[in-house]
Amino acid sequence: MAAQRILVIEDEAAAREALKSLLDEEGYTVCTAESGRRGLERLQDFRPDTVVCDFYLPDIDGLQVVRAIRSAGDSGVRVIIITAGCGGEEAESTLRREADFFFQKPLDLRRFRDVLQAEGDDAARGALALH
């Protein structure tokens, strides 16, 4: 079985590299992007199984990224949003509905790994969903 392909969209270089290193060590094939638009460009050629996206980005926010992925017909791509805060309860509620998973920073690495490993296992994904 081929390694799961993960696209990390994170504008903070240190956080982006930390996520890349963690995922590389776990055996995933990883591509990174420093902005939402760049991430959406990479989505087309990298064809990830999962997108891990920060909510606050310099150009478009994580919710816009989720919506662009969904409107492009990439329904099979899991989207995990990570954020230190996302602008209140309404924004968080919307993210929980539209993204597959939602994590507050700092990441709970055990739960994050569990979510990534649950790829393709609908029962496990349902048990891990935060919405």
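The values are calculated or read from the model by the stated rules, or taken from the named source; none is laboratory data. What you are looking at is a predicted structure, and each value in this text was computed from that prediction instead of being measured. A quick note on method: Cβ atoms are made from the backbone with ideal geometry, for glycine too, and the neighbour counts reach across all protein chains shown. For accessibility, only protein heavy atoms count, side chains too; no ligands or nucleic acids. Shrake-Rupley method; radii C 1.70, N 1.55, O 1.52, S 1.80 Å.
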Checklist entry - Quick one: I82 ticks every box in (1) out of contact with any helix residue (DSSP H, G or I) (no Cβ under 7 Å at 6 or more places or on another chain); (2) assigned to a helix (DSSP H, G or I); (3) open to solvent by less than 10 Å² (accessible area, probe 1.4 Å) bar one, so which box is it? => result (2)
Checklist entry - In the list D61, D49, which residue meets the criterion of being modelled with pLDDT of 95 or more, open to solvent by 20 Å² or more (accessible area, probe 1.4 Å) and not hydroxyl-bearing (S, T, Y)? => result D49
Item to check | Within the stretch 22-39, tally of residues that are of a type in the set (F, W, Y) and assigned to a helix (DSSP H, G or I) | outcome: 0
Item to check | Test for L22: is it in contact (Cβ under 8 Å) with a residue 40 or more places away in the chain and surrounded by fewer than 20 Cβ atoms within 10 Å (Cβ to Cβ) | outcome: yes
